[in-house]
Structure formats: C-alpha cells, structure tokens
1. What shape does segment 320-406 have by the C-alpha gyration tensor, where a ≥ b ≥ c are the square roots of the eigenvalues, rounded means a/c under 1.5, and otherwise prolate means a/b greater than b/c and oblate the rest?
2. So how do SER293, SER300 line up by other beta-carbon neighbours within 10 Å, fewest first?
3. Highest first, please rank the peptides 370-380, 155-165 by the mean number of other Cβ atoms sitting within 10 Å of their residues.
4. Note down the magnitude of the dipole of the chain about its Cα centre, charges +1 on Lys and Arg C-beta and -1 on Asp and Glu C-beta and zero elsewhere, to the nearest 20 debye.
5. Run the dipole for segment 320-406 about the Cα centre, Lys and Arg Cβ at +1, Asp and Glu Cβ at -1, nothing else charged, and hand back the magnitude in debye, nearest 20.
6. Name the long-range amide H neighbours of THR320: under 5 Å, sequence gap of 5 or more, or other chain; modelled H, no Pro or chain starts.
7. Got a sec to turn the phi values of segment 37-51 into Karplus ³J(HN,Hα) couplings, 6.51 cos²θ - 1.76 cosθ + 1.60 with θ = phi - 60°, whole Hz, x for Gly and Pro?
8. Taking θ = phi - 60°, what integer Hz values does the Karplus form 6.51 cos²θ - 1.76 cosθ + 1.60 yield along segment 10-25, in sequence order, with x for Gly and Pro?
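Every number in this text was worked out from the coordinates using simple rules, so none of it is lab data. Please read these numbers as outputs of a predicted model, since none were measured by experiment. A quick note on method: Cβ atoms are made from the backbone with ideal geometry, for glycine too, and the neighbour counts reach across all protein chains shown.
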Amino acid sequence: MTEYYDELETRDPGVREAASMAALSEAVANAKDNAPGYAKILAEVDPRDVTSREALANLPVTRKSDLIELQAAEPPFGGLTTKPARELARLFVSPGPIADPEGHGTDWWRFARALFAARFRKGDIVQNCFSYHFTPAGAMFESAAHALGCAVCAGGVGQTEMQVQAIAHFGADGYAGTPDFLKMILDKARETGTPIPTLKKALVSGGALLPPLREEVRQQGVNVLQCYGSADLGLIAYESEAVEGMILDEGIVVEILRPGTGDPVPDGEVGEVVVTTLNRDYPLVRFATGDLSAIMPGASPCGRTAPRIKGWLGRADQTTKIRGMFVHPAQIDRIVKRHPEIRRARLVVGTDGGKDSATLICEVENGNETIAERIANSVQAEIKVRADVRIVAIDKILNDGKVIEDTRTYD
C-alpha cells in the first residue's frame with residue numbers, strides 16, 4: 001500500500017518553503033489582477049516584492065468576519081473570486097450568511113490528501129455524513145473521495161438508523177462526518193443489532209475528537225483520524241496515523257499571528273491561524289480564520305515533512321466590554337508596542353465588589369514601579385478604562401494565545 005499521497009509530502013523542508021514562496025508572488029498577483037475586491041485590498045502592494053514570509057507579514061489581513069460586510073457591498077463573493085458566479089461549479093451559503101464558491105477541477109478543496117492519510121483508497125465505499133444542504137462540507141469530501149477512486153454513499157446528516165442500514169447494505173469501508181455523529185451511528189448499530197463489520201476507518205471534522213471518543217470508536221474496530229478545514233479555505237491540516245499534531249496541507253501558506261494583529265508569533269507560541277491559499281479561483285490572501293493554534297517543532301514521525309500545528313486551541317476573537325467600553329486585542333497590542341520592554345501582555349477582566357475590574361499582566365525583564373506607572377497611563381489612553389498593571393517575569397503568562405481573559409461569571 002502506498003504510504004504517501006504524492007511526492008510533495010516528503011520534500012525537503014527547504015525545498016517546500018522555496019516553492020511556496022515562489023508561488024506566493026504569483027498568487028498575490030493573481031488576486032490583485034483578477035479579483036476586484038483584492039485590487040482594492042492590495043492596492044499598495046507590488047506582488048513582485050512578496051517572495052518571503054517577511055514580505056507576506058506586511059500585507060493586510062482579511063478576517064472571516066469581514067466577508068459578511070464585503071459580500072453585502074459587492075455580492076455574491078465580495079469581489080474576492082477571480083471568476084463570476086456563473087463560471088463556477090457550485091455555490092454555497094454558510095451561516096453568517098457567507099457565500100462560498102467552488103471552482104471546476106478535481107479535488108478543488110484538497111481534502112483527498114487527508115482522506116489518503118486516513119487510509120482511504122481506490123475501490124473503498126465511503127459513507128459521507130457531512131451536510132449536502134447549502135454548506136460545502138458534503139461536496140468537499142465527496143469530491144475528495146472521487147479523486148481517490150472511492151464510491152460515495154451520500155448519507156448527509158441525520159437518520160441514524162438509515163445510515164446504519166446503508167453501511168450494512170453497501171458494505172461501506174469508511175465514514176466521513178463529524179465525530180459525534182459517528183458515535184451515534186455506532187451506538188445505533190449496536191442498539192439495533194445490525195452488524196457493520198466492513199466499517200474500519202473514519203475521517204472526521206467539524207467538532208472535537210476528544211481522546212475518550214477516539215478510544216471508544218477504536219474499541220469498536222474503527223480507526224478514526226481528524227482534519228481541520230473551513231468552507232472558505234478547504235483543507236488546512238490533517239492527522240496521519242502517527243497522531244502527533246496536524247500536518248499542514250501542501251496547497252497553502254500558514255502563519256500564526258498574535259490575535260488582533262498582523263504580526264507573526266515565534267514558533268511554538270499560540271496565536272491565530274492565518275492562511276494564504278494558492279487557489280486561482282478564490283485566492284484568499286492572509287485570511288484570518290479566528291482559530292487559535294501553534295506550530296509544533298520538528299517533523300511528524302510518519303515521514304511527512306510539512307510543518308505541523310497543535311490542532312484547534314480555541315477562538316482568537318477575545319473582544320470584551322469593560323464598564324461599557326469595548327476592548328479589542330488589537331488595542332492591547334498597541335499598548336505593548338508603545339513599551340519595548342514588554343515581551344508579552346494579557347488583560348485579565350474580572351469583578352471587584354460587583355464592579356468590573358481590569359489588570360494588565362506584563363512580562364518584563366527587570367521591571368519596576370516606574371515602568372508599571374507608564375504602562376498604566378498607556379492603558380488609560382488606549383482603552384479609556386483604568387486598569388492595574390502587574391509586572392511578572394518572562395514566560396510567566398500561560399502560552400495559550402489569550403490576549404484578553406474574561407474571568408467574569410454571570411450565574
């Protein structure tokens with residue numbers, strides 16, 4: 001059995017990075033030249049200069065939350081596609097609402113690589129339990145399965161007893177869908193006394209695959225792996241049988257940024273996942289997912305050499321309200337940049353005597369009361385809310401990507 005989907009997966013990391021940076025300039029040029037929305041967003045950018053991660057870090061960030069406003073102003077896709085809707089293959093509407101395109105071509109969303117890593121092969125029958133209604137997940141995994149030469153039973157969501165019957169009737173080899181629905185199907189098979197011995201593998205997404213659930217499914221003979229993607233970007237990362245982090249897809253460039261900013265964080269530090277696609281139809285440039293993760297050191301034991309992330313570690317949008325004032329992560333970043341002695345900071349919001357309280361914790365080497373007072377003045381000027389400042393040693397703030405931590409409860 002072939003171990004890897006293609007030769008790209010085992011490239012020398014330096015060769016991969018050089019190829020990605022060479023493709024980056026072309027992707028930015030395609031976006032600026034052929035997508036009217038990006039012609040505006042990238043108006044001041046010369047694509048010929050975007051040949052390194054340092055250059056990429058100077059480009060504007062487009063957030064998933066921006067799509068609603070962009071698409072309302074310039075329907076249907078905010079001017080971010082290079083082709084009109086009539087020349088695309090499928091049109092979707094995800095919650096938001098956000099319109100999502102699919103272009104023509106084999107495995108347009110790139111999920112075949114993740115299915116292959118989960119041991120799906122030509123001739124397998126896949127029970128596809130992702131939704132086919134308006135949102136693209138069903139189509140994403142069906143097109144990926146077809147690219148591998150698999151047959152697909154379009155199960156969609158719901159009707160667990162019929163799902164069990166279909167798996168038994170067709171002898172399905174694998175499952176694609178959410179983790180919790182896989183458990184429901186296996187429970188229903190046991191409840192109804194319907195043997196489904198052919199079901200041996202699964203690729204799940206769209207929900208947390210917690211260790212107890214993974215083990216429970218494996219105890220029932222199904223080897224389950226997970227992948228991470230979005231309706232806008234397609235595949236971002238996937239597990240291999242090594243189950244040590246999630247391997248980044250070969251068709252994208254990923255950055256991990258400090259939440260609320262455009263600034264990359266050091267490898268290993270938790271931040272927001274930001275993706276640039278090399279897709280010619282929908283060339284998203286520095287697209288912020290709103291998800292938190294971190295780059296892992298080294299390569300996967302499975303032999304794939306692409307960088308890995310730790311998986312989903314929470315949401316990056318930490319905007320909160322203190323004493324009637326909205327406070328955003330970008331404001332905390334501006335405070336930090338005013339004081340070069342601050343390495344990292346976190347605003348902790350709580351209550352004191354029934355009133356909102358705020359404390360800015362700052363990692364500072366050799367800090368003193370004078371520094372704390374100057375930082376407090378910057379906090380007051382930036383967020384219009386008075387906050388205590390607490391100076392701590394380097395590496396005392398938990399590495400979890402939080403810039404604003406709201407500890408208030410409303411029980």
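1. Details: a/c = 1.55, a/b = 1.41, b/c = 1.10.
Prolate.
2. Numbers: SER293 26, SER300 22.
Least crowded to most crowded, the residues run SER300, SER293.
3. Details: 370-380: 15.7, 155-165: 17.4.
Listed from highest to lowest mean packing, they are 155-165, 370-380.
4. Details: 46 positive and 57 negative charges, 89 e Å.
Using Cβ point charges on Lys, Arg, Asp and Glu, the chain gives about 420 debye.
5. On the way: 15 positive and 14 negative charges, 63 e Å.
The calculated dipole for segment 320-406 is roughly 300 debye.
6. VAL327
7. With the stated coefficients, segment 37-51 comes to x, 6, 4, 7, 4, 9, 4, 8, 9, 9, x, 5, 8, 8, 10 Hz.
8. 10, 5, 4, x, x, 5, 4, 5, 5, 5, 5, 5, 5, 6, 4, 4
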